[in-house]
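The values are calculated or read from the model by the stated rules, or taken from the named source; none is laboratory data. Quick caveat: nothing in here was measured; it's all calculated off a predicted structure. Backbone-built Cβ (ideal geometry, glycine too); neighbour counts: all protein chains shown.
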């Protein structure tokens, strides 16, 4: 059974020709500064590209299994953002599997701790406990510049 | 098949021959004979970007759909929050927090703020 080795959120993943991954800007918190008086609708999405990067250790025989990595993003109130993504694992003997989920857009409709959950499925059944981590979204309201038109 | 207007990915029928997008309600061959794709997108957004036919797919989000379809630049400001300072913060126990500040421009792309 695949075992999680790394699971993080970052701004970008660059994979070299030899398969070595470089992670750009790991983050655990997003701070938005918006003009005072701005009301952010609950379904607002910042057009921000980011990634969930994970590495998995296989056991002998896993290369013959049909595993999928599932990833779910939850709002602070635990409702789901977007769809659960399912990506097929490419498993090679004695090699760690790297998975990059590129996400276009970050939900900003609620402040607080968003939860990222990742787990492994086979034949649409969970075969691992979910790994989870949080990303905190804080919204600061900037005061309008003195003399600015309102 | 993807709707060329609203970027809905699961069209049951090709976008032609008077088929209708269940998301943005465009009737292909009729509406797009009168208006351009951009005009139809603008009209859908101006009307609230609501799901047209039946119940929307679970967890459907029109703004995410546009962003994923490469149409993020058309997401209205209040729903896509351009012109905001966007900081990614990595908290760590043994180093100072690293902060990357980005500024989203009007079209939703990112430029590093000096």
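Structural remarks
- One residue from A:38, A:33 being facing chain B (nearest Cβ under 10 Å), at pLDDT below 90, touching a strand residue (DSSP E or B) at 6+ places or on another chain (Cβ under 9 Å) and not in a loop (DSSP other than H, G, I, E, B): A:33
- The residues of region A:66-99 that are surrounded by 15 or more Cβ atoms within 10 Å (Cβ to Cβ), outside any strand (DSSP E or B) and modelled with pLDDT under 95, listed by number, are A:89, A:91, A:96.
- Qualifying positions in region B:25-37 - without any contact (Cβ under 8 Å) to a residue 12 or more places away in the chain and either assigned to a helix (DSSP H, G or I) or out of contact with any strand residue (DSSP E or B) (no Cβ under 8 Å at 6 or more places or on another chain) (or both): B:31, B:33, B:34, B:35, B:36
- Region B:56-77 - residue that is more than 7 Å from chain A (Cβ to nearest Cβ), touching a helix residue (DSSP H, G or I) at 6+ places or on another chain (Cβ under 7 Å) and free of Cβ contacts under 8 Å to residues at least 40 places away in the same chain and, of those, nearest to residue A:43 (Cα to Cα): B:76
- Test: residue A:60 is under 30 Å from residue B:57 (Cα atoms) and either over 15 Å from the mean Cα position of the chain (by Cα) or surrounded by 17 or more Cβ atoms within 10 Å (Cβ to Cβ) (or both): no
- Residue count for region A:41-64, restricted to those that are free of Cβ contacts under 8 Å to residues at least 24 places away in the same chain and touching a strand residue (DSSP E or B) at 6+ places or on another chain (Cβ under 6 Å): 0.
- Criterion violated by residue B:89 - all others in (1) within 17 Å of the chain's Cα centre (by Cα); (2) surrounded by 14 or more Cβ atoms within 10 Å (Cβ to Cβ); (3) modelled with pLDDT of 60 or more satisfied: (1)
- Region A:1-25: number of residues that are surrounded by fewer than 16 Cβ atoms within 10 Å (Cβ to Cβ) and modelled with pLDDT of 90 or more: 12
- Among the residues of region A:85-107, not a single one is out of contact with any helix residue (DSSP H, G or I) (no Cβ under 9 Å at 6 or more places or on another chain) and over 22 Å from residue A:21 (Cβ atoms).
- One residue alone among B:18, B:83 is modelled with pLDDT under 90 and surrounded by fewer than 18 Cβ atoms within 10 Å (Cβ to Cβ), and that residue is B:83.
- Filter result for the condition that a residue is surrounded by 13 or more Cβ atoms within 10 Å (Cβ to Cβ), within 14 Å of another protein chain (Cβ to nearest Cβ), at negative phi and not in a strand (DSSP E or B), over A:109, A:134: A:109
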